[in-house]
Amino acid sequence: MKEKDPLNVIVTGVGGQGNVLVSQFIGRALVRAGYRVTIGETYGASQRGGAVMSHLRISRQAQYGPLIPSGQADVILGLEPVETLRVLAQYGNPAVTVITNSRPVYPLSVAIGAARYPTVEEIMTVLEELSASAWLINATDVAVEMGAPILANIVMVGALVGAGLLPLGPEEVELEFQESLSGDRLELNLKAFKRGLAEAKARLRRSGSVSG
Amino acid sequence: MSITAYEPGASQLLMGNEAIARGALEAGLGFASAYPGNPSSEIIGSLAEVAREMDIYVEWSVNEKVALEAAAAASFAGVRAIVAMKQNGLNVASDFLMNLNLTGTNAGLVLVICDDPAGLSSTNEQDSRPVAKWAELPLLEPATFQEAKDMTKWAFELSEKIKNVCLIRSVTRVSHARGDVRLAELTPPGRSARFAPTMLGQFTPLLVTLKHNMLHQKVKQTKEAFETSEFNWYTGPEKPELLIVTCGSGWYYSLEAVRTLALEESVGILKLGTTWPLPEKLVLEHLARTDKVLVVEEVDPFLEGNLKELVGDAFSSLGPLTFYGKRSGHLPTIGELDPDRVMSAISTVLGRERTDIDAEYAKKGQDLTQSMVQNRMVGFCAGCPHRATFWSIKNALKLDGRGGFVAGDIGCYTMALGPSGFFQIKTVQSMGSGAGLACGFGNLGRLGFGQPVLAVCGDSTFFHAAIPALINGVYNQANFTLLILDNSATAMTGFQPHAGTGASALGEPAPNVDIEGLCRSLGIRVEVTDPFDLQDTTEKLLDLMQRDGGVRVLISRRKCALVRAKTEKAAYKVRVDSEKCRGEACGCARLCTRVFQCPGLVWDSEHQKAKIDEVICSGCGVCADICPASAIIREA
Amino acid sequence: MSLDVKASRELQAEVLNPSLCSLCGACVGMCPYWVAHRGRIVALDECNLTQGRCYVFCPRTSLDLDLLSQTAFGTPYAADELGTMQRITMARATDGDIRSKGQYGGTVTALTSFALEQELIDAAVLTASDGNMLPGGTLASTAAQVRDRAKSNYVAAPTLAAFNRESSREDVQRIAVVATPCQALALAKMRASPLENRNNIDKLNLVVGLFCTWALRYDDFARFLAEKVPLGQIVKLDIPPPPANIFQVFTESDRIDIPLDQVRPFIRPGCDVCLDMTAEFTDISVGAAEGVAGWNTLIVRSDAGRELVEAAQAKGVIETKPLPDENLAHLKEASLNKKKRGLKKVIETSGSEENLLYLRLTGETVTELLS
């Protein structure tokens, strides 16, 4: 993992997907590991089914502002494919790594038949065109299989860590889960996290490549 | 993770608002009050979470005026108190504030105002900082999360030193962003609250001119303290080509802009944490370094104006100075700041090009994604009672045929301005103003007005501000119908409890003020309806509208969908019989998906039929009543 | 030769906004967008279609009388005073009970209930009022139900909404409609419609027309009337033939006479542009018989109409006698006058003889009528 400082990570999705939770978990784990962390969020009215973004600034040296300048993202973690595209267009650059969930959350305009949602293939083509490396994770499928569709976001955290895109090892993130959760919730979240790790590792093995 | 979960000395990832709350606890806070308002709500929210543990008093007040009054009482009685509000809340509290500043305080009283640049969750865009100049109170603007905590702690000391309110102004990007903060020791509050005036008029603004003079002395005191404040600093070369003077969120943006443009050798940054009154000596010292000054701040050129005022007085002792910023057009006068805007301003002022932009990638990104990425419409959740209420309102107004309309108010239901509420709301201003406007519209009869007037407000808004307007309507015999949308929640801001939900800020049982009883006590016609019964609600509303004369109230009562999801099972299992579904054909033209637009109803363009999204559908069953083919089936 | 096909947006712009609507109800009851409420047609939402039944069926759009006449009678439209006619006579119900419940001779009630009893039809769409004098379409499936709805109604009623709503029922296969001229025109348009959705028009077996000079608006007329008598007490309304010039309101015990000139202001503006007094697109049409109390004027137009009348006569359900020449002359004059007035009003509204708004008439017909 290249030691870029600050490391700029954007977590994006749709209100209600647990975007904020993801950024907090990662943020706290990073603080525990001694990093200076800043997280900027879009809040409020965006919660009602609107686009949500968290900007994470990760540094050993200094604390950075809550907004990543245009074109300066290093990693984009997408909980929703079209949101990943949106963020990539504004904050991406030729060196960016993108890792996204494959399952769409249809905007209201598509649900009511007023607009068309692109296919996942179309989305992946553009993601690959606009990044150095693009990962597609079927996080919702995995979460549904586990009986907990709401945990797709945690699966994505696992994939992010498994792909080596954060300066954090799995144990450090698991420690954070243990500090924040307990009982059945802890068990389920850990399970989802580990499944995410496995998804990323499987892909690494298949392609024989290393991320970044 | 609560704000008391970690030990002093540890680093905790805290939201700006949480850092402010933590700072207050470290200062020995005893009393906290607020009305929810984005981006301020978490300050009192996080204090409420630890209130029992810290044995302090925390309340959600009915509105910001009462919140400030209650906190002032605590201060008078020797208890350190904090009040938090968004910019609009300041407006509501301002009458009391403009008396409190002259009155003075006893124990430290800190008023935190969280502005919402670009009005991302507000009906207006407002820079609240001029209130400091207007009320002549010290103003602090935290630029970092550490500062948010440390400044709040220090604000209590300053407040007690000058015996007056200390203002802290934050913005969304500080309040809602998170960063690691080093914690210090918590301080329990004193436990000897007592109100004991020793002088005539001590806790009043009287005699006004005397107290005003005293206020001016306090301002002088504050200026002195600000000259040596740890919250003001300079970074950069001795003689920079350009001096950036910034405050609040502008600090990080400016720092990052200078670094990205690699201009550390030629650009210096004066970061001010104490922005009114300005520490004049300090500021003039730094202004003397250069002849070009760029002022970076959110929202209005407040700091810029005050600097120019200062320079105007000290003109003869400075060299030529050119100011850049909002007034020169280098930074926008509307909306939020961000690092890109600051970078563009710097490079324009210095005549340098920006080297950080990959124009080719940016264009490619635009071209490739344009057709695939659209704005996500915001709207009512699946199962929201507001959608059902506004459907009935729409139908009733159309059937009535006299050009009736709705004066709106603030809450989730404000979205009825748009397609989610069938464009029914026609006016929106501040809390309670729907009923206020209705009082005006409802007394234009003799001037030719003949349209039925409806006003809407939520249950929390009702308690906050609509009651005086309702009473005015009764007393002045205005002709309108007020719909109170009672969903048992202050939903838009995060489901804080209020006077009608039966729970306190600490989650304990609290008296439940009966809206219906209160309205009936005014001697007017009050009806209650279940918005999910579309026909009944439409009929009741039509009937009320046609009874011209005097105020009528219709309470549309049904719990918020998100509250129901937590506490109840879905009422129905809903599905579409695709055989019966008429889809786009004459006889339907996709009424449910195209017009009703509940996110739980999806248009399956492959099969040209409507279908239920089982993940999103809340099971309220209302859509079954609007389908003309009875193709939507609900089963209990 | 075919009817214009547009949709609800155009219906609103071309008919409702310029107040041409006759409130026949043909646009109501087929979809959730158009509803009838207290004497008004209201669009609750915007329908985004470009082709709709509402526009095609409306008697105030694209009224190609030639096409309708060919579809109904196989002959071109002639601007005859009384329309296509096989026979004109006076008639009345033989049953005194029907005559007393009905208006004038009770012929409509007698023929409609006869058709039901003979199973020529299994349902009839009629007009009835509620306790507040608000009239609407209603489905009768027994003779008794027909007799209960026998009164004349001077307030416009969106009767065809009932046809639209009820005609899909499995137990309704052969329908009759008692229709005012505009309602009959709408049914004729339905028959001639090029749209795929036939709206069950093939179930329509019998159209009984009512003579009509104009109809009243509900809301303000009801308020006007309510000032004179509680609406719930009204059992019958009547306009005796000239020169009486009064509007009669009957309660159980009383009769109130209102000068007709006080009632005229409540006439629907949509009636002013109508050219049809004797309901020309029907199987039979029935009206008062001037100066002959207790009798109707009956016009037989189609073969189906003739067969019904002959059968009813044979069974002794109705009796007929010749229409006096004077009556025929007056009737022709009145009907022709309405055509002229209507056409003049159309031209006055459009501003030019070239623009006949919704009418599709040949130049000769126009010249003839204006002469």
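Each value in this text was obtained by applying a stated rule to the coordinates, not by laboratory testing. Since the structure is predicted, the reported quantities are computational estimates derived from the model, not experimental observations. Glycine gets a Cβ as well: all are built from the backbone with ideal geometry, and neighbour counts include every protein chain shown.
Tabulated values for the structure
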| item | result |
| --- | --- |
| Over chain C, relative contact order from alpha-carbon pairs under 8 Å, at least 6 apart, % | 22 percent |
| Packing-based ranking, highest mean first, of B:355-365, C:289-299, B:451-461 given that Cβ atoms within 10 Å are counted | B:451-461, C:289-299, B:355-365 |
| For segment C:57-183, the fraction of alpha-carbon pairs in successive 10 Å shells from zero, as % | 11, 35, 38, 15, 0 |
| Ratio of Rg to Rh over segment B:20-138 (Cα coordinates, Kirkwood Rh, two decimals) | 0.95 |
| Gyration tensor verdict on chain C (Cα atoms; rounded if a/c is under 1.5, prolate if a/b is larger than b/c, oblate otherwise) | rounded |
| Highest-fluctuation residue, C:Leu120, C:Leu260, C:Leu275 considered, GNM on chain C with Cα pairs under 10 Å | C:Leu260 |
| Computed E for B:Val563/A:Ala115 - FRET, C-beta separation, R0 35 angstrom, nearest 0.05 | 0.70 |
| Equivalent ellipsoid, segment A:8-206 (semi-axes from 5 times Cα gyration tensor eigenvalues, Å) | 24, 20, 17 |
| Proximal lysines to C:Lys344, defined as alpha-carbon separation beneath 16 angstrom and excluding residues fewer than eight positions away on the same chain | none |
| Label-to-label distance, nm, for residues given as C:Ile258 and C:Ala329 (7 Å Cα→Cβ offset) | 3.5 nm |
| Taking N as its residue count, the alpha carbon Rg of segment C:261-371 over 2.2 N^0.38 Å | 1.31 |
| Between segment B:533-581 and segment C:88-127, the Cα center-to-center distance that results, in Å | 45 Å |
| Compactness of chain B, expressed as Rg and Dmax over alpha-carbon positions, Å | 27.7, 86 |
| FRET efficiency estimate (nearest 0.05) - Cβ-Cβ, C:Arg169 to C:Thr367, R0 56 angstrom | 0.75 |
| Entries of B:Lys573/C:Lys203; B:Lys239/B:Lys364; B:Lys609/C:Lys6; A:Lys191/B:Lys364; B:Lys426/B:Lys540; B:Lys540/C:Lys189 with Cα pairs more than 32 Å apart | B:Lys573/C:Lys203; B:Lys239/B:Lys364; A:Lys191/B:Lys364; B:Lys540/C:Lys189 |
| In degrees, nearest ten, helix B:16-26 long axis to first principal axis of chain B (Cα) | 60 degrees |
| Beta bridges by DSSP in the protein assembly as shown, antiparallel share as percent, to the nearest 5 | 45 percent |
| Length-normalised contact order of segment C:225-371 in % [C-alpha pairs under 8 Å, at least 6 apart] | 16 percent |
| At R0 = 25 Å, FRET efficiency that the Cβ-Cβ distance of B:Ser578 and A:Thr125 yields, to 0.05 | 0.15 |
| Inter-probe distance in nm under a simple model that places probes 7 Å from Cα toward Cβ, at B:Arg352 and B:Ser630 | 7.5 nm |
| Average beta-carbon neighbours from other chains, 10 Å sphere, peptide A:30-39 | 5 |
| Tilt relative to chain B, helix B:302-314 - C-alpha long axis, 0 to 90 degrees, to 10 | 30 degrees |
| Proximal lysines to B:Lys569, defined as alpha-carbon separation beneath 22 angstrom and excluding residues fewer than eight positions away on the same chain | B:Lys559, B:Lys611 |
| Set of aspartates and glutamates with alpha-carbon distance to B:Lys133 below 13 Å, sequence-local pairs under 8 removed | B:Glu309 |
| Percent of beta bridges antiparallel (DSSP, segment A:8-206, rounded to nearest 5) | 50 percent |
| Kirkwood Rh, Cα atoms: Rg over Rh of the protein assembly as shown | 1.08 |
| Residue among C:Phe73, C:Phe224, C:Phe266 with the largest mean-square fluctuation in a Gaussian network model of chain C, springs linking Cα atoms under 10 Å | C:Phe224 |
